[in-house]
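Engineer: Let me give you the structure first, and then I'll get to my questions.
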Amino acid sequence: MNKRTIQLLEFDKIVDLLMEDCISEEGRRVLTLQEFMNKKESLSSLHDLVGEVKRCLESPAVFPFLNLGSISAIVKKGMKEGSVLEGDELYLVADYIISADKLKKYFLAADVASTEQVKALVSEFPYVDDIASQITAVLEPNGRVKDNHPAIRKLKNELKNIRSSISKAAALYLGDNKDIWQTDTPAERDGRIVLPLKSDYKGRVKGIIHHTSARGATLYIEPFELLELNNKATIIENDIVIQVRKILKGLTEIVSAKKEEIMSLIHTVSYLDTLIARARYSVKNKCSRARISTRGTTLTRARHPLLGENAVPINISIDEDLKILIITGPNAGGKTVTLKTVGLLVLMNQFGMEIPAEEGSSLPVFENVFADIGDDQSLENALSTFSGHMNTISEIIKHSQGKTLVLLDELGSGTDPAEGVSIAMAVLDYFLTKDSVVLTTSHHGLLKNYGFTKPHVENASMEFDPENHSPTYRVIQGVPGESHAIEIARLSGLDPSIVEKAEGYMRSEQSDISTMIKELERKQNKLLEREKKLKEDIKEHDLAVLSLRQKENIARKEGLTTLNKFLNDSRKNLENLVKELKEGELTREKTLKVKKFAADIENRLEAEKERLSAAQFETGQNIVLDLKEGMSVLVGSFRRKGTLLRKGKDGSWVVQVGAVKMSFPVSEITPSGEIDKPEKRHSVSVSGIFSDNQPAFILDIRGMRVEEASLKVTKQLDSAIMRGMREFEIIHGKGEGTLQKVVYDLLSESKDIESYNFAKPEAGGFGKTIVRLKG
């Protein structure tokens, strides 16, 4: 079908209404891809299926509640080698299979006559119910692995016991020497249980300090007795994560093994969904199936489907030997609505839909539908109303091959009436020689004559109530209509004296043409003066723009020269600093040089920013940022990446930068071009106490012999690699001694380590090495 005609008749709105009646996202997608049918056999088969579905929906049987989510992408994701589907994704697949089975049982159990085709369709659903059973046996509806899973239950019991031991040990510490503790409640830091020790008693308890309160009054310490218990809890938590991953991987392999059957199920269910949508629309809008005729058209009490309760039913009958129907009548009498109603109902019928008309209506199957409705005026393309219509009609004539429905609104209007009606009759003469059905509207009196004198042409009119002086919007065939223009002008509130004068002109058929021409000449001279003034304004504007661009180019060249010099000087200074740092020990003087270098860079950046802001203000280029919550931005002088959380009271914004929330003024915020939109979806989780970060592991080798320490480090490294850990710590003393050297010798030989760094101890603390493994 012609795309422009589909838009003119607003069939896209009908598709939108159908999509609202779909029960799945996949069905909506398939509906938008379906096309009109122009073969009688295939269209009749589609109507049969829709009719069977409609009878089932109208039966007493209750339509089941279904959850047909969009799973095509999920199944394709699971098909990739090594991929593992999330728990909520797997459960969505199971829900789809269960819902498809409910749909199948509903239609098979329907006690409705003549539903063989739809029952045959649902019988083609491939059997994949065992997949749904296996998924629902392991996962909760939110995607969590069930607590009664044997492997998970065992690990959780172990974790519960360890947590209990940690709680008891913490209670014993807090119960003794209560004066040294800030509270009697343990805290959690990085997934580990720690105790709130008053800073005045720092040396009283041996352990690892993980955190200090903001005012420094509280030290969160992990006594060595809790260290081993926390490590065990960390190991079990990792084991649970690994076990859950194995379970999800197994279920993903089950889905992947039957990917073809599942995709076939999605295809069939989605097609059935489009039939259900058509049937639901028909029930809601009291539609009926149009009988497919050879050529003739009969519409009984047909309603425009987008006008709702305001639609006035019309009757149209076009015999098989009739080729052209000319509709005349008053303005705002319903002529254009009649054209649109006929065209839209034809499109609906050939899209496999029942139409809003009474039983007994019939429509032929057209190969194409063309419409020229509305004003085709285009200032951009220098098209007047008349030339716009002529362009459209030329395209229609060029492409109207075979059985075609042509809808022409106000044919021959927009130009001299005598010439316009001559063109209109010539166009209709052309269509009389073709296998087309034409419906046209007009106010031309000569076209009414044409309807009486030409074979295969008929007049029709829109009825006008002479008593109420208003249109009734009903179609009367065989009789031409009057325009009633003066009467409608009077009813529209036009000044009575003007209406009376119009009636006088009608009687005399005279007008002062010379006065009109003089007035046109005066207006033309005025327009020429305005055009001259406009050209001068444009010339001044162009000169101003050229001058501004020249200034911008000069400023850009000067800025680049300065920037290049700054970069070269900075590069030389940096190379000298690096050379000095490599030579000899790291002294305070060298440290101060590095800090001064960084400060100089930062000061220069701030100066450039101020200069740029001033330049923007001067050239009127200040930009009002459209900042929104969830937007990814770059903040601060170092342009760190963050996410906008909310707007502050003073006009600043609260920004999440890593794990820290900070406030920044708008001047220090730049959008990065991304919008963070976290998906609202369930993910696999395990009950218990968990940290947001991956559980940490600490290996303490203080006091060990070299051989024992080497063995411990080697075992820890192997264990970390096997469990997929990203980071662990090794405590080896206060300084860079023998144990540290042993540790570094071992770590330097491993190819699985990304980096290892020595962290100098704070006052009273211990030295440690932070080891990061490759991802």
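Engineer: Just one of 172, 155 is at pLDDT 85 or above, over 43 Å from the mean Cα position of the chain (by Cα), farther than 23 Å from residue 65 by Cβ and in a helix (DSSP H, G or I); which is it? Reasoning before the result, please.
Structural biologist: Values: 155 fails: over 43 Å from the mean Cα position of the chain (by Cα).
Being at pLDDT 85 or above, over 43 Å from the mean Cα position of the chain (by Cα), farther than 23 Å from residue 65 by Cβ and in a helix (DSSP H, G or I) holds for just one of 172, 155, which is 172.
Engineer: If you don't mind, there's one more thing I want to ask. If we scan the stretch 349-360, do we find a residue that is at pLDDT 90 or above, part of a helix (DSSP H, G or I) and either within 23 Å of residue 10 (Cα to Cα) or open to solvent by less than 10 Å² (accessible area, probe 1.4 Å) (or both)? Show your work before the answer.
Structural biologist: As a first pass, look at the stretch 349-360 and keep what is at pLDDT 90 or above: 349-360.
Then keep just the ones that are part of a helix (DSSP H, G or I); that gives 349-350.
Pick out the ones that are also either within 23 Å of residue 10 (Cα to Cα) or open to solvent by less than 10 Å² (accessible area, probe 1.4 Å) (or both) and you get 349-350.
Yes, some residue in the stretch 349-360 is at pLDDT 90 or above, part of a helix (DSSP H, G or I) and either within 23 Å of residue 10 (Cα to Cα) or open to solvent by less than 10 Å² (accessible area, probe 1.4 Å) (or both).
Engineer: Could you please tell me which pairs satisfy a Cβ distance under 9 Å, a separation of 6+ or placement on different chains, a first residue in the stretch 174-186 that is touching a residue at least 24 places away in the same chain (Cβ under 8 Å) and farther than 11 Å from residue 204 by Cβ, and a second residue that is among the aliphatic types (A, V, I, L, M) and part of a loop (DSSP other than H, G, I, E, B)?
Structural biologist: Cβ pairs passing all conditions: 182/217.
Engineer: Would you tally the residues in the stretch 123-140 being surrounded by 15 or more Cβ atoms within 10 Å (Cβ to Cβ), among the polar types (S, T, N, Q) and more than 31 Å from the chain's Cα centre (by Cα)?
Structural biologist: Counting residues in the stretch 123-140 that are surrounded by 15 or more Cβ atoms within 10 Å (Cβ to Cβ), among the polar types (S, T, N, Q) and more than 31 Å from the chain's Cα centre (by Cα) gives 1.
Engineer: State all residues of the stretch 187-223 that are closer than 24 Å to residue 728 by Cβ, open to solvent by less than 70 Å² (accessible area, probe 1.4 Å) and not in a strand (DSSP E or B); if no residue qualifies, say none.
Structural biologist: 191, 205
Engineer: Within the stretch 708-729, is even one residue under 30 Å from residue 630 (Cβ atoms), at pLDDT 75 or above and open to solvent by 40 Å² or more (accessible area, probe 1.4 Å)? So that I can check it myself, show each step before the final result.
Structural biologist: First, the residues of the stretch 708-729 that are under 30 Å from residue 630 (Cβ atoms): 726-727.
Checking which are at pLDDT 75 or above leaves us with 726-727.
Now narrow it down to the ones that are open to solvent by 40 Å² or more (accessible area, probe 1.4 Å): 726-727.
Scanning the stretch 708-729 turns up at least one residue that is under 30 Å from residue 630 (Cβ atoms), at pLDDT 75 or above and open to solvent by 40 Å² or more (accessible area, probe 1.4 Å).
Engineer: Right, another one. Among the residues of the stretch 224-238, count how many are of a type in the set (Ser, Thr, Tyr) and open to solvent by 10 Å² or more (accessible area, probe 1.4 Å). Even if it seems obvious, please write down each step before you answer.
Structural biologist: Let us first name the residues in the stretch 224-238 that are of a type in the set (Ser, Thr, Tyr), namely 234.
Pick out the ones that are also open to solvent by 10 Å² or more (accessible area, probe 1.4 Å) and you get none.
The qualifying residues number 0.
Engineer: Could I ask something else about it? Which members of the stretch 36-69 meet the condition of being in a loop (DSSP other than H, G, I, E, B) and open to solvent by less than 40 Å² (accessible area, probe 1.4 Å)? Don't jump to the end; show me each part of the working.
Structural biologist: First, the residues of the stretch 36-69 that are in a loop (DSSP other than H, G, I, E, B): 36-39, 58-67, 69.
Result: 59, 64, 66, 69.
Engineer: What's the number of the only condition in (1) in contact (Cβ under 8 Å) with a residue 60 or more places away in the chain; (2) within 30 Å of residue 233 (Cα to Cα); (3) part of a loop (DSSP other than H, G, I, E, B) that residue 135 fails to meet?
Structural biologist: Among (1) in contact (Cβ under 8 Å) with a residue 60 or more places away in the chain; (2) within 30 Å of residue 233 (Cα to Cα); (3) part of a loop (DSSP other than H, G, I, E, B), the lone unmet condition for residue 135 is (3).
Engineer: Taking the stretch 586-603 as the region of interest, how many residues are among the small types (Gly, Ala, Ser) and at pLDDT 70 or above?
Structural biologist: If we filter the stretch 586-603 for residues that are among the small types (Gly, Ala, Ser), which is where we start, we get 598-599.
Among the residues that remain, those that are also at pLDDT 70 or above are: 599.
Looking only at that region, the number is 1.
Engineer: Shifting gears a bit: On the given criteria, is residue 75 open to solvent by 30 Å² or more (accessible area, probe 1.4 Å), farther than 28 Å from residue 350 by Cα and hydrophobic (A, V, I, L, M, F, W, C)?
Structural biologist: Here the answer is no, as residue 75 does not meet what is asked.
Engineer: Just checking, how many residues over the stretch 316-352 are in contact with a Ser or Thr (Cβ under 6 Å, 6 or more places away or on another chain) and among the polar types (S, T, N, Q)?
Structural biologist: The number of residues fulfilling the criteria is 2.
Engineer: To continue, here is another question. Suppose we filter 343, 334, 352 for residues that are farther than 29 Å from residue 427 by Cβ and not β-branched (Val, Ile, Thr); which single one remains?
Structural biologist: Details: 343 fails: farther than 29 Å from residue 427 by Cβ; 334 fails: farther than 29 Å from residue 427 by Cβ.
Step by step, each of 343, 334, 352 is checked, and only 352 is farther than 29 Å from residue 427 by Cβ and not β-branched (Val, Ile, Thr).
Engineer: While we're looking at this one, here's another question. Right, residue 674: in contact with a strand residue (DSSP E or B) (Cβ under 9 Å, 6 or more places away or on another chain) and either farther than 30 Å from residue 87 by Cα or modelled with pLDDT of 75 or more (or both) or not? Explain how you work it out, then say what you get.
Structural biologist: On the way: in contact with a strand residue (DSSP E or B) (Cβ under 9 Å, 6 or more places away or on another chain): yes; either farther than 30 Å from residue 87 by Cα or modelled with pLDDT of 75 or more (or both): no.
Against the criterion (in contact with a strand residue (DSSP E or B) (Cβ under 9 Å, 6 or more places away or on another chain) and either farther than 30 Å from residue 87 by Cα or modelled with pLDDT of 75 or more (or both)), residue 674 does not qualify.
Engineer: Quick one: how many residues across the stretch 262-308 are of a type in the set (S, T, N, Q), within 17 Å of residue 354 (Cα to Cα) and surrounded by fewer than 23 Cβ atoms within 10 Å (Cβ to Cβ)? Step through it out loud before you land on a result.
Structural biologist: Of all residues in the stretch 262-308, those of a type in the set (S, T, N, Q) come to 264, 268, 270, 274, 282, 285, 288, 293-294, 297-298, 300.
Adding the requirement that they be within 17 Å of residue 354 (Cα to Cα) leaves 274, 282, 285, 288, 293, 297-298, 300.
Next, only the ones that are surrounded by fewer than 23 Cβ atoms within 10 Å (Cβ to Cβ) stay: 285, 288, 293, 298, 300.
Total meeting the criteria: 5.
Engineer: If residue 88 passes every condition in (1) within 30 Å of residue 146 (Cα to Cα); (2) loosely packed, with under 14 Cβ neighbours inside 10 Å; (3) among the acidic types (Asp, Glu) but one, which one does it miss?
Structural biologist: Of (1) within 30 Å of residue 146 (Cα to Cα); (2) loosely packed, with under 14 Cβ neighbours inside 10 Å; (3) among the acidic types (Asp, Glu), only one is false for residue 88: (2).
The values are calculated or read from the model by the stated rules, or taken from the named source; none is laboratory data. Source: prediction; values computed, not measured. Here Cβ is always computed from backbone atoms with ideal geometry, including for glycine, and neighbour counts include all displayed protein chains. Ligands, DNA and RNA are stripped out before the accessible areas are found, and what is left, the full protein with its side chains, is counted by its heavy atoms. Shrake-Rupley method; radii C 1.70, N 1.55, O 1.52, S 1.80 Å.
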